[in-house]
Each structure stands twice: as C-alpha cells, then as structure tokens.
Number of protein chains: 2
Amino acid sequence: MPAHNPTYGIIGLGLIGGSLAKDLARKGHAGSVIGHDANPLHQERASQLHMVDRTGSLDEVVASADVIVLAIPVDAIMRVLPIVLDKAAPHQVVVEVGSTKVKLLDHIGQHPKRRQLVSAHPMAGTEYTGPDAAVYHLFDKKCCVICEPEKSDPEKKERVKSLFERLGMYVIEMGKDEHDLHAAYVSHISHITSFALAKTVLEKEKDEARIFEMASGGFSSTVRLAKSAPSMWAPIFVQNKENVLDVLNAHIAQLTYFKHCLEREDYNALHTWMGQANEIRKIIK
Amino acid sequence: MPAHNPTYGIIGLGLIGGSLAKDLARKGHAGSVIGHDANPLHQERASQLHMVDRTGSLDEVVASADVIVLAIPVDAIMRVLPIVLDKAAPHQVVVEVGSTKVKLLDHIGQHPKRRQLVSAHPMAGTEYTGPDAAVYHLFDKKCCVICEPEKSDPEKKERVKSLFERLGMYVIEMGKDEHDLHAAYVSHISHITSFALAKTVLEKEKDEARIFEMASGGFSSTVRLAKSAPSMWAPIFVQNKENVLDVLNAHIAQLTYFKHCLEREDYNALHTWMGQANEIRKIIK
C-alpha cells in the first residue's frame, strides 16, 4: 500500500460511482479521483458537478489510478473488466461493484491477474440514475458483500474492505453462488414486484383517469423502485436468471395462494397467512 | 352548526382514531374529545397517553358527542354503524372512515338516518396498529375521499369536509363503486404484494439464515406494509373481493409476462416493459 493517499479511478460516474467519488473526496481518503464515463454527457456532467478532480479516457484512468473501480452495468462489466485487468500494473487494485457475481466471476476466473481483482457488492442505491443521482452518505450503515475473498490477493482485499468500512458500510464475505441467491431474494424480486405493480396500475389508469388522486404513502413505497433504469436491471435479471425465476415462481405461488383464500373468503387462512408475513418485523425495523 | 367548538366522539382509538384525536386537540378544533375502544387495554392506553379528554362506553360517546367518528375495522363498522345511527339525535353527525364502501353503503343505504352519515376515507396510515401507533400530522397533505356525498345532509357533509381540510387533507368526492375500484389499485394491491413478498423471503430464510444480512433499503420499502394488521386487512380484502381479485389477476399477469420475457432472455421486451413501468414517475415524485 502506497504511503500517500491513493489515486482512485472511477469508471462509471452514475449513482454508485458518483456517490463513491463524492464520499471519497468528502472524507479526504483520496489523493485524487479521476473519472470516466462511456456516456460523454454523463462525463461532462460529472465535471460540472465537481464530482471528480478530473476526467479522462478509460485508458487514462487505468494508467493513473492506484485503485480502479468499475461502477457500470453488469453487462458492461463483462466486457470492460477483462480489458482493465489486462492493462493493470501489479500494484493496482481493480474493484468491480456489480449486483450479480456468478456469471462474471466464472467469466474472469482464469484471468492471470484475477488476484488483483476484488469483487464487491455495496448494497446501496436509489431508484435514480446518472451523475445527478449521486449523493453523499449513500453507503452509510449499509451492507457490502465481498465475493470469493479467497481469490483476491489478501492485502488488496483488505484495502478494499477498509475502503468500504471508511464509507460507513459493514462488510461481509460470501461465495458467489450464495451472493446471487440472496440478492435475488432481498433485492432483485423487490424491483420486479415494483415494476409489475406500476405496470398494473398504469394500464388501469388508461380507463380511470382519477385513479392517482388517491395514491397514498403505501403505494409510493411499494412502487418507487419501478423508476429504476431498464439498462441497469435487464442485464442483472438475465445474469441471475435461474435464481430470479425461482424466487419469482415462489412469489407468484404466494399471490395465487392468497387469491384462492380470498375467493373462498377463508378468514382463518387469510389471518394465518398475513400473520406469518408480519414476522418480517423481526427483520426490518 | 353549534356556536361552540363541537365535542368529538371517537370510536376506535387506534392508528386512525388516535391520530385524529391528537390532531383535533393540537389544533384546538374540538371543545372536547371523548373516546371509546372495544378493546379495554387500548382504551386504557389511550387514556394513559392523554389522547382524549375522557373515555367512556359506546353509549356514553354516542350520547355526548356532536360529531361521532367510527374508526374501526370495516367488519366492525358493518355491525356498529347501524347501532350508532339508531341512537343518533338529529343534530349529530356520524362519520365512518372505513377503507371499503360498497358493501357498507349498500348495507346502510335504507337506514332512516342515512342523511346524518358522512362516509369518508382519509387515505393516510402506516403499517402500525393501536393507540401507540397514533401520530400527529398523519393526515397532512393526504387525500380524503367522501363517498356518495349526495346521500348526506349538505350541511353535515360540509362540516366533515371542513374538518378534514383543517387537518391538512385535500378532499375529493366520488361514488362508492369508483372508490372501491380505485382503492383496490392504489392501496389494497400494495398491501397484498408486500405480504406476499415477506412470505416468499421468510420461507426461503428457513434454509438460508444469512439472507437478511443483505436486506437493503429497496427491500424494506417494498415489504414494510407486510407488518400491517391481519384483523384490519382481512375484512377489507373480503369486502372488496371482486375489485381485489381483478387487480390481483392483472398483477399476476404482469409478473407472468415478465417471467416469459426473462426465460427467453428477450432484452427488447424486458426494456420495453420496464420502460413503461418507469412512467410511474409522472405519478409519484
């Protein structure tokens, strides 16, 4: 680890990359932050917002940074990560922060510089996208998963763990299969139900113009994730297809069971089912 | 309308009735507030919390109040509302604030004192229940629907409208059928998807103890309504059964469509579907 504060290179200046840049600058962790975004408008906007010290091409970022962070959609990580690893000098750490891991880590598993890569998933976000979505404190008190920690160089893994801890995160480690299964249950399915709920109500609205006058806080809460970007989420769902289909089938089975209970006005069954769902209290405060 | 500030009688001292009592006292609208809860523990707790000026039996509340508010589950309203209307003197206003209207208003439609009743649905709430769930400002900037306004005495309806406006609500009027249809889409289905999501994930947790270490803000947001009380929600779903089944079938159809798109990894269809869901941005900020 260099004696000076490291230079961070952030590839992807959206919600995650941008928020990371802002917190690194605020906390004085970074010697400097250099950023790149494949979308020139986003890169320009990140400059305007003084989110990074300077911007440059992908090659410039990779050449300048001690720690290179890939904060781009998971399909783009599949393409860009091998290129970045190819160019990485031995002292450089490469971090990818994608939401799915199995496909990517299988794809990159045999890369000769695999040990310079730390695979992390900071479980933080909002339904917004792009440089203007970047906020301070996004990562505070959230969970960060480091996947396949044993495949990374121990010193590099500790540096990345320490980085996320300094952003306020608690870091846990797990295998890639376990990560993708859990992510399907506690993140991916929530997005699917929100998208589906939004579609359901919007289609009804075509005939019922007044329907949203009554939209309440409960509705907003369950549907807000439906504002999330298709370009980020389509590749996540496809890369985690098997787990997502399993949880989606289980979810549809729950809805179908509720429907049958309601059709026969079975109060006992409805009470039992909802009472069991109430147990979620022990998980979320 | 009496020259003095009216005495309010609140039947049901839970989330809605308790919050109403608190705001009435805070805003100085009420001469006094007298409360009753069929659950003696809740009634005692409301006294301890100084939520009302005094408590009493149902008969005492009905005998003392200028404005009587029924803030109890919709199955209880079906039983209690006819009793209260039977006893009501001509100057008294009776307000029921249930979440479903067709069954109740059909049931009570021929009551000789129907014009003393104002049927309202203040669209405000949280996932919590009972006197301790009552909070100030619950109704602020929320929508209140008055149903079948033409069936109420105009002076009494205006008094109730003015009451909810002074609590910070915007009041709209609609027929009972339209209300129940819209409520199914913007409130009831959100609760069903939350209950089902909680059940889906809790059942998986039996085998995967670590699953909730990763639960993020998005998960909490979509699942929080699953903490809601079965005793409140089972009667709502049953009373609004036909609309709830319609919206539930539409929602399951959306999930099934998504599933088919994902099974064949149809990026175009997934993008289009999520892009359409993004239109919910125009509704919720």
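Is segment B:68-83 home to any residue that is in the same structural domain as B:G109 (by TED's automatic domain parsing), under 21 Å from B:K157 (Cβ atoms) and exposed (fewer than 15 other Cβ atoms within 10 Å of the Cβ)?
yes
Mind checking which residues of segment A:149-173 are buried (at least 20 other Cβ atoms within 10 Å of the Cβ) and either aliphatic (A, V, I, L, M) or outside any helix (DSSP H, G or I) (or both)?
A:S152, A:V160, A:L163, A:L167, A:M169
Within segment A:239-250, take every residue that is in contact (Cβ under 8 Å) with a residue 24 or more places away in the chain and of a type in the set (A, V, I, L, M) and give me the one that is nearest to B:Y267 (Cα to Cα).
A:V244
To keep it simple, each residue is scored yes or no on (1) over 19 Å from A:K241 (Cβ atoms); (2) facing chain B (nearest Cβ under 8 Å).
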{"position": "A:T129", "(1), (2)": "yes, no"}
{"position": "A:D132", "(1), (2)": "yes, no"}
{"position": "A:Y136", "(1), (2)": "yes, no"}
{"position": "A:C143", "(1), (2)": "yes, yes"}
{"position": "A:E158", "(1), (2)": "yes, no"}
{"position": "A:K161", "(1), (2)": "yes, no"}
{"position": "A:L167", "(1), (2)": "yes, no"}
{"position": "A:K176", "(1), (2)": "no, no"}
{"position": "A:S187", "(1), (2)": "no, yes"}
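Give the residue, chosen from A:P149, A:P154, that is over 23 Å from A:W233 (Cα atoms) and free of Cβ contacts under 8 Å to residues at least 12 places away in the same chain.
From the options A:P149, A:P154, the qualifying one is A:P154.
Name the single residue that is surrounded by the most Cβ atoms within 10 Å (Cβ to Cβ) among those in segment B:226-255 being among the β-branched types (V, I, T) and at the interface with chain A (Cβ under 7 Å from one of its Cβ atoms). I'd like the intermediate steps shown before the answer.
As a first pass, look at segment B:226-255 and keep what is among the β-branched types (V, I, T): B:236, B:238, B:244, B:247, B:252.
Narrowing further to those that are at the interface with chain A (Cβ under 7 Å from one of its Cβ atoms): B:238, B:244, B:247, B:252.
On the way: B:V238: 19, B:V244: 25, B:V247: 22, B:I252: 17.
Checking each candidate, the answer is B:V244.
Which residue pairs have Cβ atoms closer than 8 Å, lie 6 or more positions apart in sequence or on different chains, and pair a first residue in segment A:27-55 that is at positive phi with a second residue that is modelled with pLDDT under 95?
A:G28/A:N5
Matching residues to (1) in contact with a helix residue (DSSP H, G or I) (Cβ under 6 Å, 6 or more places away or on another chain); (2) closer than 22 Å to B:S194 by Cβ; (3) modelled with pLDDT under 95:
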{"site": "A:L105", "(1), (2), (3)": "yes, no, no"}
{"site": "A:T126", "(1), (2), (3)": "no, yes, yes"}
{"site": "A:V160", "(1), (2), (3)": "no, no, no"}
{"site": "A:I172", "(1), (2), (3)": "yes, no, no"}
{"site": "A:G175", "(1), (2), (3)": "no, no, no"}
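So is B:V94 closer than 30 Å to B:N243 by Cβ, among the β-branched types (V, I, T) and assigned by TED's automatic domain parsing to the domain that holds B:M123 or not?
Yes, satisfied.
Any chance segment A:96-103 includes a residue that's over 20 Å from the mean Cα position of the chain (by Cα) and either polar (S, T, N, Q) or on the phi > 0 side of the Ramachandran plot (or both)?
Step one: filter segment A:96-103 for residues over 20 Å from the mean Cα position of the chain (by Cα), giving none.
Scanning segment A:96-103 turns up no residue that is over 20 Å from the mean Cα position of the chain (by Cα) and either polar (S, T, N, Q) or on the phi > 0 side of the Ramachandran plot (or both).
Of everything in segment A:45-85, what is touching an Asp or Glu at 6+ places or on another chain (Cβ under 8 Å) and assigned to a helix (DSSP H, G or I)? Give them in sequence order.
Of everything in segment A:45-85, those that are touching an Asp or Glu at 6+ places or on another chain (Cβ under 8 Å) and assigned to a helix (DSSP H, G or I) turn out to be A:R45, A:A46, A:I77, A:L81.
So B:A234 passes all but one of these: (1) in contact with a Leu (Cβ under 7 Å, 6 or more places away or on another chain); (2) in the same structural domain as B:H107 (by TED's automatic domain parsing). Which condition number does it fail?
Exception for B:A234: condition (2).
Within the group B:E60, B:E96, which residue is within 16 Å of B:H121 (Cα to Cα) and either touching a Lys or Arg at 6+ places or on another chain (Cβ under 7 Å) or among the acidic types (D, E) (or both)? Give the steps one after another, and end with the answer.
Details: B:E60 fails: within 16 Å of B:H121 (Cα to Cα).
None of the other options fit; the residue is B:E96.
Would you be able to say whether some residue in segment A:207-221 is surrounded by fewer than 19 Cβ atoms within 10 Å (Cβ to Cβ), closer than 19 Å to B:T222 by Cα and at the interface with another protein chain (Cβ under 7 Å from one of its Cβ atoms)?
yes
Okay, residues lined up against (1) aliphatic (A, V, I, L, M); (2) touching a Phe, Trp or Tyr at 6+ places or on another chain (Cβ under 7 Å); (3) more than 21 Å from B:Y257 (Cβ to Cβ):
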| position | (1), (2), (3) |
| --- | --- |
| A:E178 | no, no, yes |
| A:S194 | no, no, no |
| A:L197 | yes, no, no |
| A:E203 | no, no, no |
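Hey, among the residues in segment A:110-127 that are in a strand (DSSP E or B) and more than 14 Å from chain B (Cβ to nearest Cβ), which one's nearest to A:V160 (Cα to Cα)?
First, pick out the residues of segment A:110-127 that are in a strand (DSSP E or B): A:117-122.
Subsequent filtering for residues that are more than 14 Å from chain B (Cβ to nearest Cβ) retains A:117-119.
On the way: A:L117: 10, A:V118: 7, A:S119: 9 Å.
In this case the residue turns out to be A:V118.
Enumerate the pairs (first residue in segment B:201-229 and closer than 17 Å to A:H251 by Cβ; second residue anywhere and aromatic (F, W, Y) and modelled with pLDDT of 80 or more) with beta-carbon separation below 7 Å, excluding pairs fewer than 6 apart on the same chain, so at least 6 apart or on different chains.
Every condition considered, the pairs that remain are B:V201/A:Y185; B:K204/A:Y185; B:E205/B:F212; B:I211/A:Y185; B:A226/B:F195.
Taking the residues in segment A:257-283 that are in contact with a Lys or Arg (Cβ under 8 Å, 6 or more places away or on another chain) and buried (at least 16 other Cβ atoms within 10 Å of the Cβ) as candidates, determine which candidate is modelled with the lowest pLDDT.
Step by step, filter segment A:257-283, then rank; the result is A:I280.
Do we find that B:A196 is more than 16 Å from the chain's Cα centre (by Cα), small (G, A, S) and within 8 Å of chain A (Cβ to nearest Cβ) in this structure?
On the way: more than 16 Å from the chain's Cα centre (by Cα): yes; small (G, A, S): yes; within 8 Å of chain A (Cβ to nearest Cβ): yes.
In short, yes.
The values are calculated or read from the model by the stated rules, or taken from the named source; none is laboratory data. Note that this is a predicted model, so its numbers are computed, not measured. So basically every Cβ, Gly included, is an ideal-geometry build from the backbone, and we count neighbours across all protein chains shown.
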